[in-house]
Amino acid sequence: MRHKLFLDTNIVLDLLGERVPFYDSIAKIATLADKGKIRLAISAMSYSTIFYVLSKYDKPKVVIEKLSKLKVFCETVGLTEKIIERGLLSNFRDFEDGLQYYSALNSNCNILITRNGKDFKESAIPIMTAEEYLKGLKYGR
């Protein structure tokens with residue numbers, strides 16, 4: 001079965017912002033997706049946050065180009081009323097984390113990739129960093 005990974009906003013920022021030391025791991029995951037070995041998904045909500053943060057360091061046109069390339073190999077998960085309702089009723093301390101989590105579940109992702117695993121303590125799906133995911137592949141997980 002091909003994995004479908006949901007990427008938390010911080011992970012996409014690592015990729016598009018080429019943030020050291022996190023970039024290499026997520027770049028390898030993006031390459032796997034580009035080759036069709038895994039599938040990736042991100043929340044539609046993440047696009048505006050990513051644009052806002054990266055525009056502080058790059059020209060808006062450059063950021064738009066990066067987001068356009070991301071969209072080619074990443075499924076965009078819409079923010080539905082059901083996801084919002086589940087987020088509002090959840091026990092997540094951070095509402096945005098709840099929306100990310102329920103977006104991952106709603107899009108049938110089987111792993112959520114984040115650097116903030118502690119924010120997803122009661123998850124029904126595995127929560128991993130990009131590096132942990134790659135190590136799991138290496139050891140036949």
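The values are calculated or read from the model by the stated rules, or taken from the named source; none is laboratory data. Predicted model, so just to flag it, every value in this text is computed and none were measured. Backbone-built Cβ (ideal geometry, glycine too); neighbour counts: all protein chains shown.
Matching residues to (1) in contact (Cβ under 8 Å) with a residue 60 or more places away in the chain; (2) in contact with a Cys (Cβ under 7 Å, 6 or more places away or on another chain); (3) assigned to a helix (DSSP H, G or I):
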position: 57; (1), (2), (3): no, no, no
position: 65; (1), (2), (3): no, no, yes
position: 82; (1), (2), (3): no, no, yes
position: 115; (1), (2), (3): yes, no, no
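Within segment 1-45, track down each residue that is in a helix (DSSP H, G or I), among the small types (Gly, Ala, Ser), free of Cβ contacts under 8 Å to residues at least 40 places away in the same chain and under 18 Å from residue 76 (Cα atoms).
Residue satisfying the conditions is 44 alone.
Restrict the check to segment 1-10 and report whether at least one residue is among the hydrophobic types (A, V, I, L, M, F, W, C), farther than 19 Å from residue 117 by Cβ, surrounded by fewer than 21 Cβ atoms within 10 Å (Cβ to Cβ) and at pLDDT below 95.
yes
Could you say whether any residue in segment 22-45 is more than 18 Å from residue 134 (Cα to Cα) and not hydrophobic (A, V, I, L, M, F, W, C)?
Within segment 22-45, one or more residues are more than 18 Å from residue 134 (Cα to Cα) and not hydrophobic (A, V, I, L, M, F, W, C).
Can you tell me which residue among 123, 103, 55, 107 is surrounded by fewer than 16 Cβ atoms within 10 Å (Cβ to Cβ), of a type in the set (S, T, N, Q) and over 22 Å from residue 20 (Cβ atoms)?
Step by step, each of 123, 103, 55, 107 is checked, and only 123 is surrounded by fewer than 16 Cβ atoms within 10 Å (Cβ to Cβ), of a type in the set (S, T, N, Q) and over 22 Å from residue 20 (Cβ atoms).
Just wondering, is there one or more residues in segment 86-107 that are touching a strand residue (DSSP E or B) at 6+ places or on another chain (Cβ under 6 Å) and in a loop (DSSP other than H, G, I, E, B)?
yes
Within segment 88-100, restricting attention to residues that are in contact (Cβ under 8 Å) with a residue 40 or more places away in the chain and surrounded by 21 or more Cβ atoms within 10 Å (Cβ to Cβ), which residue is farthest from the chain's Cα centre (by Cα)?
That would be 99.
For the condition buried (at least 16 other Cβ atoms within 10 Å of the Cβ), in contact with a helix residue (DSSP H, G or I) (Cβ under 8 Å, 6 or more places away or on another chain), of a type in the set (Lys, Arg) and more than 13 Å from residue 6 (Cα to Cα), what is the one hit in 82, 66, 28?
Selected residue: 66, the only one of 82, 66, 28 that is buried (at least 16 other Cβ atoms within 10 Å of the Cβ), in contact with a helix residue (DSSP H, G or I) (Cβ under 8 Å, 6 or more places away or on another chain), of a type in the set (Lys, Arg) and more than 13 Å from residue 6 (Cα to Cα).
Scanning segment 11-21 for residues that are of a type outside the set (A, V, I, L, M) and within 13 Å of residue 129 (Cα to Cα), which turns out surrounded by the most Cβ atoms within 10 Å (Cβ to Cβ)?
Ranking the candidates gives 14 first.
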